[in-house]
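Here is the structure we will look at.
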Number of protein chains: 2
Amino acid sequence: MSLPALFDPDGVAVIGASATPGKLGNDAMSNVEAYGTEIYPVNPSSSGTVFGYEFVDSVRETDAELALCCVPRHLQPDVIEECGEAGVEAAVIFAGGFAEMGGDGAELQHAIAETAAAYDMTVLGPNTAGYAIPHEDLYGSFVPRIRDVGTGNVGLVTQSAGVGITMSFQLTREGYGISAMFGLGNRMNTGFADVIPALDDDPRTDAIVMHVEGTDDVDALLRACQTAETPIAAFKVGEHDIADLARAHTAAPAQDNAIYEAGFDQPGLVTVSSTTELLDAGRALADSPTPDGPNVGLVTAQAGPGIIMTDFLKGTAATFPDLTDETRKRLDEILPGITYAENPVDTGRPMPEFGAVIDAVARDDNVDIVLVYEIYEDSLGYPVDELETLSAEVDKPICFTVAGPDHALEDERRQMEAAGVPTFDTPERGAQAVGALLESISGAE
Amino acid sequence: MSLPALFDPDGVAVIGASATPGKLGNDAMSNVEAYGTEIYPVNPSSSGTVFGYEFVDSVRETDAELALCCVPRHLQPDVIEECGEAGVEAAVIFAGGFAEMGGDGAELQHAIAETAAAYDMTVLGPNTAGYAIPHEDLYGSFVPRIRDVGTGNVGLVTQSAGVGITMSFQLTREGYGISAMFGLGNRMNTGFADVIPALDDDPRTDAIVMHVEGTDDVDALLRACQTAETPIAAFKVGEHDIADLARAHTAAPAQDNAIYEAGFDQPGLVTVSSTTELLDAGRALADSPTPDGPNVGLVTAQAGPGIIMTDFLKGTAATFPDLTDETRKRLDEILPGITYAENPVDTGRPMPEFGAVIDAVARDDNVDIVLVYEIYEDSLGYPVDELETLSAEVDKPICFTVAGPDHALEDERRQMEAAGVPTFDTPERGAQAVGALLESISGAE
């Protein structure tokens with residue numbers, strides 16, 4: 001495992017811990033207090049306990065491998081020096097006011113970097129809201145309620161921690177979760193090229209999603225992507241000129257997006273242009289086998305949404321092959337007079353045979369990827385049994401687009417996910433997910 | 001009110017009503033049974049009651065103004081003739097197999113159209129899942145649980161009822177609702193040009209959203225859009241060639257999308273390219289005053305999402321004006337050392353002063369539209385009080401993009417909506433909503 005002191009620290013010091021609710025050092029304590037090793041609240045001005053842990057005066061009095069640094073920027077050089085002396089292996093610096101400010105800030109960051117290098121210390125940040133590994137109950141962040149974030153198999157590495165947190169909460173609201181989220185901030189000595197291999201090594205991470213504002217180590221980033229065996233989806237912000245903002249935010253260099261576009265054009269890597277697409281691409285990549293080709297078999301219970309999905313996919317590498325004679329015969333046996341038995345297959349309305357129709361299309365030799373759309377009906381439910389069988393027997397991606405009343409679809413949706421059938425919420429999101437799977441094999445043949 | 005027998009029928013006949021759960025005629029009964037006028041289940045093969053209403057043998061025995069026709073296609077001509085004799089003013093034909101099939105189907109539809117014309121009867125469909133007016137508890141549809149759809153101020157007119165139902169459920173899942181939803185299907189004698197004026201007249205509809213696959217009466221559609229005083233958002237499917245599918249679905253003619261693109265380029269009309277954008281544009285248009293110009297003031301508590309929104313808006317007509325000296329002075333008083341006090345204004349983290357920062361930007365004379373982004377924190381909440389004051393005192397759109405843990409944001413989100421501040425879920429959706437408001441004034445100056 002790379003970055004072990006971030007993934008699996010034995011002992012965590014919260015430097016600048018506070019017993020006062022609302023303070024950064026209290027929020028950080030409240031997030032990390034449940035993690036299963038010793039926690040050390042460090043604050044020479046405090047005594048007593050916070051969340052049941054006794055305050056200590058200095059990190060030197062601890063056996064912490066990880067330090068969460070909740071102190072203001074001007075105290076940060078001393079704190080990192082003390083961390084080094086104490087044998088801390090990794091630190092997270094939340095404070096801003098460093099390289100992204102230029103001048104003094106850049107100098108201060110440079111000094112901290114030298115100290116960290118002398119002690120061979122991994123530093124996440126500065127200028128980050130931190131990171132989270134929900135599977136381990138490990139939340140190295142001051143963000144309130146980050147412990148609500150669910151567990152999942154998508155790993156997030158975001159230049160902006162705010163974007164990583166936004167996406168983590170979105171995934172959770174939608175019923176999913178994350179394997180890990182790393183907000184990089186200023187990338188002082190821990191950048192994309194460090195976190196990507198760590199997530200690639202992480203057995204709980206089945207896909208990596210990446211938010212990039214701009215970074216000096218583009219070559220290292222691209223090498224890390226090439227080396228990774230885990231599929232990756234990338235969102236590079238900056239279609240238009242946002243250079244001033246990105247520099248002021250995370251000290252991002254002014255760069256032409258074309259560098260990234262060219263570098264990201266590789267098998268196993270998908271590019272998207274929004275946070276929602278990034279999450280959907282990540283889930284599709286994480287849960288699906290790699291498709292053998294671009295041939296999409298589309299099964300829909302409602303023509304209108306099916307046409308929207310077809311229209312979208314016609315703008316991608318997707319092809320819509322004819323179904324084999326055998327499949328057509330099966331479909332005709334299943335549903336005599338089916339509404340539209342070409343590809344897309346339109347059943348006209350959900351019906352008990354819907355699962356058998358999906359089965360027929362999924363087993364068609366001409367089809368590499370199956371995309372399904374259905375508005376949920378209580379009396380029919382989703383064809384979960386058929387999907388479980390298919391997922392076990394047919395090694396093709398099956399993306400299921402669900403629609404309908406609110407909580408009606410939650411349970412069966414979870415069952416489908418558990419069977420390896422990722423689900424999506426709107427016609428466009430289902431189609432975009434298939435588009436992502438297709439992009440992941442482009443250039444691979 | 002246009003189309004009164006669809007909006008406000010006195011008596012509803014369900015022709016082909018059934019007491020058997022799962023049958024179309026039972027689903028339609030279950031949806032309409034709560035509507036506050038007499039309901040007549042019509043079925044000569046049934047006796048007794050269904051949902052407390054006594055079966056009758058023929059629509060001629062009823063005083064229904066509206067008929068929901070749940071019978072197979074071959075019975076439809078006789079049913080419409082009987083409806084006419086009975087004085088029915090409007091009918092919904094659910095069955096498919098008409099113009100969209102060509103040949104016999106087209107002839108059958110033509111015959112029904114002649115009968116309807118003879119009796120001056122409004123017919124929705126054929127080949128539709130119907131319509132819904134939740135404010136009236138009026139659900140002229142067989143779709144199970146359509147009664148779960150919430151009330152709101154956006155009216156939907158969709159060529160595909162499946163798309164209309166999908167969007168109605170999506171709005172409801174996200175905490176909103178609709179004023180009405182009309183699925184047009186084959187548009188036999190009730191098309192876009194009929195429903196748009198009806199929604200324009202409807203006092204509960206503050207914006208109209210429209211899904212178009214293709215229609216012969218393009219000119220009438222465009223005239224209806226021009227005449228409507230209610231803002232409209234339109235999603236024309238068919239960026240690529242979907243002509244075969246659209247014809248087989250709703251008898252849509254093969255047309256060049258350019259006809260629509262040119263026609264839709266008018267003030268008060270916004271075009272989008274997905275169902276989610278359609279809903280967001282609709283909510284933004286429904287809840288916001290018309291902006292005076294393209295000058296966006298962006299206030300964000302987290303830089304990363306703010307940069308994503310800025311990047312998106314730079315691809316639209318948006319401009320980001322400098323704030324006035326007065327505003328900068330106010331900001332400096334509110335938050336000395338604010339992270340980024342240009343426009344966008346980045347506060348670096350949510351804080352108690354966040355509402356005051358929004359207030360300062362919203363009152364800036366250089367700003368026409370305010371876009372806000374904030375990750376929710378329990379201890380701070382959203383600045384609801386400030387937004388309520390602003391909304392009352394400042395006649396500018398304020399779009400609030402919310403992020404955070406699941407249910408934490410529901411209550412305050414509703415309060416913001418009630419105050420006339422529409423809320424959006426992801427950076428892109430907030431930015432797209434502002435983009436829609438900007439497009440609505442393009443060409444208007």
- Item | Hits in the stretch B:160-207 (condition: closer than 20 Å to B:MET121 by Cβ and within 14 Å of another protein chain (Cβ to nearest Cβ)) | B:ALA161, B:PHE182, B:GLY183, B:LEU184, B:GLY185, B:ASN186, B:ARG187
- Message: Tell me which helices (runs of 4 or more DSSP H) are completely within the stretch A:1-118 and hold 2 or more residues being open to solvent by less than 30 Å² (accessible area, probe 1.4 Å) and over 23 Å from A:VAL157 (Cβ atoms), or say none if there are none.
- Response: A:24-32, A:76-86, A:103-118
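Among the listed residues A:ARG204, A:ARG187, A:ARG223, which satisfies the condition of being in contact with a strand residue (DSSP E or B) (Cβ under 7 Å, 6 or more places away or on another chain), modelled with pLDDT of 95 or more and outside the structural domain of A:LEU3 (by TED's automatic domain parsing)?
Details: A:ARG187 fails: in contact with a strand residue (DSSP E or B) (Cβ under 7 Å, 6 or more places away or on another chain); A:ARG223 fails: in contact with a strand residue (DSSP E or B) (Cβ under 7 Å, 6 or more places away or on another chain).
Checking each option against the conditions leaves just A:ARG204.
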- Task: Would you mind stating whether B:LEU313 is of a type in the set (A, V, I, L, M) and closer than 30 Å to B:LEU156 by Cα?
- Result: yes
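Picking from B:ASN127, B:ASN153, which residue would you name as being touching a residue at least 24 places away in the same chain (Cβ under 8 Å) and within 14 Å of chain A (Cβ to nearest Cβ)? Spell out how you get there, then give the answer.
On the way: B:ASN153 fails: within 14 Å of chain A (Cβ to nearest Cβ).
The conditions single out B:ASN127.
For the condition of a type in the set (Gly, Ala, Ser) and more than 30 Å from B:ARG173 (Cα to Cα), what is the one hit in A:GLY185, A:GLY150, A:GLY177, A:GLY164?
Details: A:GLY150 fails: more than 30 Å from B:ARG173 (Cα to Cα); A:GLY177 fails: more than 30 Å from B:ARG173 (Cα to Cα); A:GLY164 fails: more than 30 Å from B:ARG173 (Cα to Cα).
One residue alone meets the criteria, A:GLY185.
Among the residues of the stretch B:376-412, which ones are within 12 Å of chain A (Cβ to nearest Cβ) and open to solvent by 10 Å² or more (accessible area, probe 1.4 Å)? Show your work before the answer.
Of the residues in the stretch B:376-412, the ones within 12 Å of chain A (Cβ to nearest Cβ) are B:376-381, B:401-410.
Correct list: B:TYR376, B:GLU377, B:ASP378, B:SER379, B:LEU380, B:ASP406, B:HIS407, B:ALA408, B:GLU410.
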- Task: Looking at (1) more than 14 Å from chain A (Cβ to nearest Cβ); (2) assigned to a helix (DSSP H, G or I), find the lone condition where B:ILE308 falls short.
- Result: (1)
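Quick check, is A:PHE235 of a type in the set (Phe, Trp, Tyr), outside the structural domain of A:ALA436 (by TED's automatic domain parsing) and under 30 Å from B:LYS236 (Cβ atoms)? Please lay out each step first, then the result.
On the way: of a type in the set (Phe, Trp, Tyr): yes; outside the structural domain of A:ALA436 (by TED's automatic domain parsing): yes; under 30 Å from B:LYS236 (Cβ atoms): yes.
When the stated conditions are applied, A:PHE235 passes them.
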- Would you check if there is a residue in the stretch A:248-266 being open to solvent by 40 Å² or more (accessible area, probe 1.4 Å) and at the interface with chain B (Cβ under 10 Å from one of its Cβ atoms)? no
- Query: Within the stretch A:359-445, which helices (runs of 4 or more DSSP H) (wholly inside it) include 3 or more residues that are in contact with a Cys (Cβ under 9 Å, 6 or more places away or on another chain) and within 29 Å of A:GLU229 (Cβ to Cβ)?
  - Reply: A:427-441
- Task: Please work out which residue is most open to solvent (accessible area, probe 1.4 Å), limiting yourself to the stretch B:311-367 and to residues that are among the hydroxyl-bearing types (Ser, Thr, Tyr) and more than 14 Å from chain A (Cβ to nearest Cβ).
- Result: B:THR324
- Message: Take the residues in the stretch A:120-162 that are among the β-branched types (Val, Ile, Thr) and over 22 Å from B:THR401 (Cα atoms); name whichever of them is surrounded by the most Cβ atoms within 10 Å (Cβ to Cβ).
- Response: A:VAL154
- strands (runs of 3 or more DSSP E) contained in the stretch B:137-184 and holding at least 3 residues under 11 Å from the mean Cα position of the chain (by Cα) and among the aliphatic types (A, V, I, L, M): B:151-158, B:178-183
- Query: Quick check: is even one residue across the stretch A:274-285 touching a residue at least 24 places away in the same chain (Cβ under 8 Å), surrounded by fewer than 15 Cβ atoms within 10 Å (Cβ to Cβ) and not assigned by TED's automatic domain parsing to the domain that holds A:THR316?
  - Reply: no
- In the stretch B:226-242, anything open to solvent by less than 30 Å² (accessible area, probe 1.4 Å) and farther than 20 Å from B:ALA433 by Cα is listed as B:ALA228, B:GLY238, B:ILE242
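The values are calculated or read from the model by the stated rules, or taken from the named source; none is laboratory data. Since we're looking at a predicted model, the values are computed, not measured. Positions of Cβ are generated from backbone atoms using ideal geometry, with glycine treated the same way; all protein chains shown enter the neighbour counts. In case anyone asks, the SASA skips ligands and DNA or RNA and just uses the protein heavy atoms, side chains included. Shrake-Rupley method; radii C 1.70, N 1.55, O 1.52, S 1.80 Å.
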